[in-house]
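Chemist: Pasting a structure here, questions to come.
Every read-out reported here was derived from the displayed coordinates using simple, explicitly stated rules and does not represent laboratory data. The structure displayed is predicted, hence computed values, not measured ones. FYI the Cβ positions are ideal-geometry reconstructions off the backbone, even for glycines, and counts take in every protein chain you see.
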Amino acid sequence: MKNCLASALALGLVAVAMSGCSDPITDLAFESWEPEYALPVANTRFTLRDALQNTQFADYISEDENSALRLTTYQELYASTPGEMLELPTLAIPLAESETRFMISEADVEFDFTQIDFSGGYLVYQFFNDQFEPVTVQLTTSNLTLDGAPMQVSLEVPPGVLAKDSISAAGYRYQIGVDGILSVDYSATTLATNQVVTIAGGALTLRDPQYDYIVGVLPTLEVSMGSDSVELDVLEVFEPGSITLVNPVATIIVDNEVGAPVRLQGVETEGLLRDGTRMQFDSPLSRGFDFDYPTAEEGRVSKRSTLQIDRENSNLVDVLKAFPTAISLALNAQVNGDSLQETFSMYRDARVAAALDIDIPLDIRFNGFELEESFAFDGAGFEQAKAAAFRLVIDNGFGLTAATQVYFYDEAEVLLDSLFESSIVVAQAASLDETGELYQATELVTEVELDDQRLAALKNSSSATVRLRLDTPESESQPTRLFYDNSIGIQLGARITVKPE
Amino acid sequence: MMNLSKSLISALVLSAAFVPQASAQLDIMMPLQYGWQQTVGNPAALQDHRITVGLFSVGGGYETPISVTEAGTVTDGTLVVESERLISRLESRGNNQQFRADVDGLAFNYRRRGWQVGVSHRIRAAGTLDLPRDLIQLAAHGNARYVGQSLSVMPMIDGAAFQEFAVNGAVTFMESLTIGARAKYLAGSAATMTAQADAIIYTDPNFFESTITSDILINTAGVPVEFNDEGVEVGSFEPLQQAGSGFGLDLGIVFRPNDKMEAGLSVRDLGAISWSKNARQHRSQGSFSFRGYEGNIFDEQGQMFDVEATVDSVLAAVEFTTTDAEFTTTLPTTAQGTFRYLASKTTVLNATVYAQQATTWQAGFGVGVGQRVGEWLHVGALAGLKADGGYLGANILIDVFGPQIYVACDNVLAAANLQKANSAYFRAGLNLAFNKIKSPKEVRGFYDVRVEGINK
């Protein structure tokens, strides 16, 4: 019995020991397990250079040596040559005598040139033989030379016939003295006996002359340059009223190789507004712009002249404030408009070109200017988030107050929600010195708790758009000057509370 | 991200609650019970049979600073972890989850008068996992609560599996003093050793920039281990391969001033193993900061703000470089003293005190009683006290004409409810004992008090 009890005790102990392992834990759960993670999302700093690099601003922005920004647009307006403005008339010189002294001023032409280098045209000569036998006519003039040699031609003329012939004028130089007399001599001899005879006469005609170079007193020439427009794409990114341009300057730039005074005059200058209406653009151009020209001594060189159009001498600021899509210019050119009796020289292909350069220093007042940038944003990372909050730290090196809003879109680019109920100020304007340069950045910390609706939108989003509204601080009396190297630092962190599965 | 976190905390909690361990108390009853295990506990302990054959014995146990019920509540097989309660019970460091498992193979011992010699074979595995409180806090709460603070999150993992081929011997002097020793050749199978474990996570309060500073050195051997972007890859393991070798030594002394008292002292597991096969050193040293996206947000392609990728990049930042490097691990040395007093012909009172070097020195104390019941049954009980509380152990030995079957457990409460136990150890085995040496006064319950004929 005693042994039996002992055996039972032993077996009981073993059974108890074994039973201790007989209640396995098959599953695991967590009470109130909602870990919250604090994660860095972004730590980035961008300069204006970065921000604008891919915008349409990029084509128009330039910077000075201090990296101060300016919007500039440059467009060629017109280009012309004397060959397009001035055509030489046909000149006919009657040869009634064997020695003719012809006063150019008596001819029915409007030029008073002392030298013409021909590149084309014809020298046509004709004689009528009133004798009874054929004659040979020799014509010569020292006022037309080829490589320094006087023009000399001969023509056989049958009896009773008006014979004509011509040579190319290309390469000939027309040159007359201060007396304005063109001298032409001819003689006629019979073919059979070589006797000098007198014939009825003839003519020397300069027909369809083309010139390379002319020297002389120019008549006043009026040339219509037609109408052209300067596209102002640079202003398309601005909404009317979003900025105030403080000191824009438009400059007419003329590069002139023509050795004669030319006056450019705007006959109809207008701003073409977005609504299709037009706004009169008053500027010194309407009163005419005389520009520099090379003298005959200087030869063929280009002279630059500029006409500055600014707030003092025009309504440019008013026109640009209306954010026109283009400025339309109809121009006339006047060659020697003041009828100067001076000797000018011109190459036929000398170029006179005008361009309009509009320069808008970014000393501007921002009145709600908006920048927009879209990002891929995978909201799936927030799928298990029960709550989320963002902490945004912005240090602002721009002289502007920044307010932002973030919009979330799904894959079909349907707007889901915005991050904030309305745009919030995320950065106060930095302090600027009297020249507009930054001397103290500002830092602003913003924490945003997402409500359930916004969190749901965030989870379903596949892209986000950040819209940044920039304003010049109300307290600033001066405009904001922007520099390429002004920067904004963005540090974004997220707190995400995970919901248990 | 979230799955990862949950997996992490699951693994941590489970390891905190269930990782079996072997601490000093695992062996606490070995020198107090009869049979071959007594000599294993103290090589100076003489067997009370001329021939003892250890056939088979398995033992295993664990110790954790947090029991299952301390970590949460169990309902219908589901452990509901209460994070705050779990964390409140953790120290910043030294939360050692320890395990040990032994499989004793064949052993042979020959006893003649006051001396004995023997040989034995064992397979041993032991390990320690120290989970820092910061890691549990990070997994339970996330890092948001600890913004502006530094969290030390690197666990320490140490462990080894090896075979032990031993020769033991003992000799008695002056009738009352027996000294013994066991020399062991150690054939290592696999090991991991954390030599340096500093990984600090700091989350800056400004925009939560996260910085991980690491100074980590982990040695592994026997198992191909690779640290890569996916985490840790562990190759296949052959339990009986030899990846290292070494020597160990157990020393013991037993003093019997009279027929009723016996005092013993043993120092076990002096020695070390040098690891050479697949021996690698994995080092991470540096500082890694995460600031999220740092490019130009105005790039034409736009940018992907992927929170999950951010978390992954943070976790993957601790990059390891792996090089071949041999290393040495020392055995977990144990010192144990025992005292036994024969209270009656069938009753023995005993006491034991021990100290063991796991990652730190651990100590414990216990008192017990052994009772012979009838001709072939002996039962014992032991009440102990150690750092994490008291425990109650029991053992049974059935000795029937040669075969000895024994079962021992150091924490019977754990046996009744494992989920409440911070530690438990269980051992069972079978010995064969032949040619019993007659003890004076026919007392079998008190082992070998002045065995007749010793030194005579």
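Chemist: If chain A were replaced by its equivalent ellipsoid, with semi-axes equal to the square roots of 5 times the Cα gyration tensor eigenvalues, what would those be, largest first, whole Å? Mind showing how you got there, number by number?
Modeler: Values: eigenvalues 1702, 161, 58 Å².
Its equivalent ellipsoid spans semi-axes of 92, 28, 17 Å.
Chemist: Same structure again: Taking the Cβ of B:HIS141 as the centre, find all other residues whose Cβ is under 9 Å away and add up their charges (Lys, Arg: +1; Asp, Glu: -1). Please report the intermediate quantities before stating the final value.
Modeler: Values: positive: B:ARG145; negative: A:GLU34, A:GLU36.
Charge balance near B:HIS141 sits at -1.
Chemist: A follow-up question, please. Near A:LYS386, which aspartates and glutamates are there with a Cα under 13 Å away, not counting those fewer than 8 places off in the same chain?
Modeler: A:GLU34, A:GLU36, A:GLU449, A:ASP451, A:ASP452, A:GLU501
Chemist: Relative contact order for chain A using alpha-carbon pairs under 8 Å, separation at least 6, rounded to a whole percent?
Modeler: 20 percent
Chemist: Further, regarding this structure: Provide the per-residue ³J(HN,Hα) series for region B:345-357, in order, calculated from phi with Karplus coefficients 6.51, -1.76, 1.60 and θ = phi - 60°, each as a whole number of Hz, with x at glycine and proline positions.
Modeler: 5, 10, 10, 10, 9, 9, 9, 8, 9, 8, 8, 9, 8
Chemist: For B:PHE288 paired with A:ALA192, estimate the spin-label separation in nm (one decimal), with each label point 7 Å from Cα along the Cα-to-Cβ line.
Modeler: 12.1 nm
Chemist: Shifting gears a bit: How many angstrom separate the Cα center of region A:165-225 from the Cα center of region A:87-146?
Modeler: 3 Å
Chemist: Under the rule of at least 5 residues apart or a separate chain, name every residue whose amide H is placed under 5 Å from the amide H of A:PHE289.
Modeler: Answer set, sorted by chain and number: A:LEU264, A:GLN265.
Chemist: In nm, to one decimal, how far is the modelled label at B:GLU91 from the one at B:LYS345, with both set 7 Å along Cα→Cβ?
Modeler: Simple spin-label model gives 5.0 nm for this pair.
Chemist: Please give the net charge around A:GLN453, taking every other residue with its beta carbon less than 15 angstrom from that of A:GLN453, where Lys and Arg add +1 and Asp and Glu add -1.
Modeler: On the way: positive: A:LYS386, A:ARG454, A:LYS459; negative: A:ASP410, A:ASP417, A:GLU421, A:GLU449, A:ASP451, A:ASP452.
Cβ neighbours under 15 Å give a net charge of -3.
Chemist: Can you tell me the FRET efficiency between A:GLU312 and A:LEU444 if r is taken as the Cβ-Cβ distance and R0 is 45 Å, rounded to the nearest 0.05? Write out the running numbers ahead of the final one.
Modeler: Details: r = 40 Å, r/R0 = 0.88.
Taking R0 as 45 Å, the efficiency between A:GLU312 and A:LEU444 is 0.70.
Chemist: Tell me which residues come under 5 Å, amide H to amide H, from A:ALA388 once H is placed; ignore anything under 5 positions away on its chain.
Modeler: A:LEU450, A:THR497
Chemist: Which cross-chain or sequence-distant (5 or more) residues have an amide H under 5 Å from the amide H of A:ASP282, H modelled 1.01 Å from N in plane?
Modeler: Residues meeting the criterion, in which the H sits 1.01 Å from N, are A:ASN315.
Chemist: In whole Hz and in residue order, list the ³J(HN,Hα) couplings for region A:291-308 that follow from phi through the Karplus curve 6.51 cos²θ - 1.76 cosθ + 1.60, θ = phi - 60°; x for Gly and Pro.
Modeler: In residue order, the calculated couplings are 10, 5, 9, x, 7, 4, 5, 6, x, 8, 10, 9, 10, 9, 10, 10, 10, 8 Hz.
Chemist: Now for a different question. What does the highest-first list of A:416-424, B:215-223 look like by mean Cβ count within 10 Å? Each step should come with its number before you reach the end.
Modeler: Values: A:416-424: 15.6, B:215-223: 22.2.
The peptides rank, most packed first, as B:215-223, A:416-424.
Chemist: Return one number: the angle in degrees, 0 to 90 and rounded to the nearest 10, between the long axis of the Cα atoms of helix A:2-19 and the longest principal axis of the Cα atoms of chain A.
Modeler: With rounding to tens, the tilt is 20 degrees.
Chemist: Now, a different point. Once you list every other residue whose beta carbon is under 13 Å from the beta carbon of B:VAL223, what net charge do they have if Lys and Arg are +1 and Asp and Glu are -1?
Modeler: Working: positive: B:LYS277, B:ARG280; negative: B:GLU226, B:GLU233, B:GLU238.
Cβ neighbours under 13 Å give a net charge of -1.
Chemist: Kindly state, to the nearest 0.05, the FRET efficiency for B:ASP259 paired with B:ASN417, given R0 = 45 Å and r defined as their beta-carbon distance. Write out the running numbers ahead of the final one.
Modeler: On the way: r = 41 Å, r/R0 = 0.91.
My answer for the efficiency is 0.65.
Chemist: Which order do the peptides A:151-161, B:424-434, A:486-496 come out in when sorted by mean C-beta neighbours inside 10 angstrom, highest first?
Modeler: Ranking, from highest mean packing down: A:486-496, B:424-434, A:151-161.
Chemist: Sticking with this one: I'd like the Karplus ³J(HN,Hα) series for region A:91-103: coefficients 6.51, -1.76, 1.60, θ = phi - 60°, whole numbers in Hz, and an x wherever there's a Gly or Pro.
Modeler: 10, 10, 10, x, 10, 7, 10, 5, 10, 10, 10, 10, 7
Chemist: Strictly over 23 Å apart at the Cα level, which of B:LYS184/B:LYS436; B:LYS260/B:LYS436; B:LYS184/B:LYS260 would you flag in this model? Don't skip to the end; give the middle numbers.
Modeler: On the way: B:LYS184/B:LYS436 27 Å; B:LYS260/B:LYS436 20 Å; B:LYS184/B:LYS260 33 Å.
Beyond 23 Å: B:LYS184/B:LYS436; B:LYS184/B:LYS260.
Chemist: What FRET efficiency do you get for A:GLU222 and A:GLN138 if R0 is 35 Å and r is their Cβ-Cβ distance, rounded to the nearest 0.05? Before the final figure, lay out each step's value.
Modeler: Details: r = 44 Å, r/R0 = 1.25.
FRET efficiency, A:GLU222 to A:GLN138: 0.20.
Chemist: Right, something else. Just to be sure I understand the model, the point goes 7 Å from the Cα along the line to the Cβ. What's the resulting A:GLU65 to A:ARG274 distance in nm?
Modeler: Once both label points are built, they end up 3.8 nm from each other.
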